[in-house]
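Working notes, structure below.
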Amino acid sequence: MPINLRPLSDAEPLLIEEAEYERLVRNRAGGWSNCAEEIEWLAKLHYLRSGHNAGRLDRAQFEERETRLVEAWLRKGA
């Protein structure tokens with residue numbers, strides 16, 4: 001079943017297969033927050049937000065991890 005990495009976008013949703021999603025969120029090369037490409041970054045953001053919404057992460061854990069992920073991506077200048 002495809003996963004939509006842009007669930008709020010009506011104009012440009014981004015669907016990827018579950019196997020690809022799992023591969024991307026499990027990638028730890030250079031640390032989990034280090035993403036080689038935008039699709040990996042979007043998959044990891046989706047993963048964190050899904051985990052928070054499902055109650056697997058409390059608010060503080062979610063915010064700390066999301067901040068780390070976003071800051072690492074911004075530092076890359078992508």
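The values are calculated or read from the model by the stated rules, or taken from the named source; none is laboratory data. Because the structure is predicted, anything quoted here is derived from the model rather than measured. As a convention, Cβ positions derive from the backbone with ideal geometry for all residues, glycine included, and neighbour counts pool all protein chains shown. The accessibility values were calculated without ligands, DNA or RNA, using every heavy atom of the protein model including side chains. Shrake-Rupley method; radii C 1.70, N 1.55, O 1.52, S 1.80 Å.
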Subset of the stretch 27-46 (residues that are in a helix (DSSP H, G or I) and either in contact with a strand residue (DSSP E or B) (Cβ under 6 Å, 6 or more places away or on another chain) or open to solvent by 80 Å² or more (accessible area, probe 1.4 Å) (or both)):
38
Name the single residue, out of those in the stretch 48-62 being outside any loop (DSSP other than H, G, I, E, B) and open to solvent by 80 Å² or more (accessible area, probe 1.4 Å), that is nearest to residue 4 (Cα to Cα).
49
Failed item, numbered, when residue 31 is tested on (1) in contact with a Ser or Thr (Cβ under 9 Å, 6 or more places away or on another chain); (2) on the phi > 0 side of the Ramachandran plot:
(1)
Given the criterion in contact with an Asp or Glu (Cβ under 6 Å, 6 or more places away or on another chain), without any contact (Cβ under 8 Å) to a residue 60 or more places away in the chain and part of a helix (DSSP H, G or I), identify the matching residue among 69, 24, 74.
24
